[in-house]
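Written out below as structure tokens is the structure these notes cover.
The values are calculated or read from the model by the stated rules, or taken from the named source; none is laboratory data. Because the structure is a prediction, the values reported are computed rather than measured. Counting neighbours? That spans all protein chains shown, and the Cβs are built from the backbone with ideal geometry, glycine included. To get the accessible areas, we keep the full protein, side chains included, count just its heavy atoms, and leave off ligands, DNA and RNA. Shrake-Rupley method; radii C 1.70, N 1.55, O 1.52, S 1.80 Å.
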Amino acid sequence: MKIHEIREIIKLIDQSSINEFKLETEGAKVTLRKSSGTETVVVTQPVVQAQVAAPAAPVQAAAPAAVQAAPVAVEAPKAAASAPALDDANLHKIVSPMVGTFYSAPEPGKPPYVQAGDKVNGSKVVCIVEAMKLFNEIEAEVSGEIVKVLVEDGQLVEYGQALFLVKPE
């Protein structure tokens, strides 16, 4: 079972009134439980076992959290619109595959993975997006030169939000 499949299941469970979900497929077991203070994800494969715990809002408190997050999502497009326009027609956008927190470096105090002007290839890690205490490395997808970093370290990003502009080779 792939991590993006597990994320989709987590999103669906979080949006529903289901308190517990179990799935067994191809030697992997996934158990999701919602409780008043935490959400636990347990993925078991024949050799590897991983457990992730992250705060989860109770079902009744989900609406206020969504209301507070909305202004942040509205401000990001305004900032992008006010930035000087680049010739986007020839540039590739590296986008966030999920909602989470953008990190430009592997850990605090370390240099960023990439900066404007750096050359990248398709498998080069350009940043990390943290979602529910899982740190997901985002790869460049194309070879070329980083023209612009569109988000700042520690900024919340949305699914499909452009993170980098790359001039393909």
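Exactly one residue out of V52, V48 is at pLDDT below 50, surrounded by 13 or more Cβ atoms within 10 Å (Cβ to Cβ) and farther than 27 Å from L165 by Cα: that is V52. Assessment of segment 69-91 against the conditions (open to solvent by 60 Å² or more (accessible area, probe 1.4 Å), at pLDDT 85 or above and among the basic types (K, R)) yields no matching residue. The residue that is modelled with the lowest pLDDT, among those in segment 24-44 that are open to solvent by 50 Å² or more (accessible area, probe 1.4 Å) and assigned to a loop (DSSP other than H, G, I, E, B), is S36.
Is it true that V95 is of a type in the set (V, I, T), closer than 28 Å to S16 by Cβ and modelled with pLDDT under 90?
Working: of a type in the set (V, I, T): yes; closer than 28 Å to S16 by Cβ: yes; modelled with pLDDT under 90: no.
Taking the combined requirement at face value, the residue does not satisfy it.
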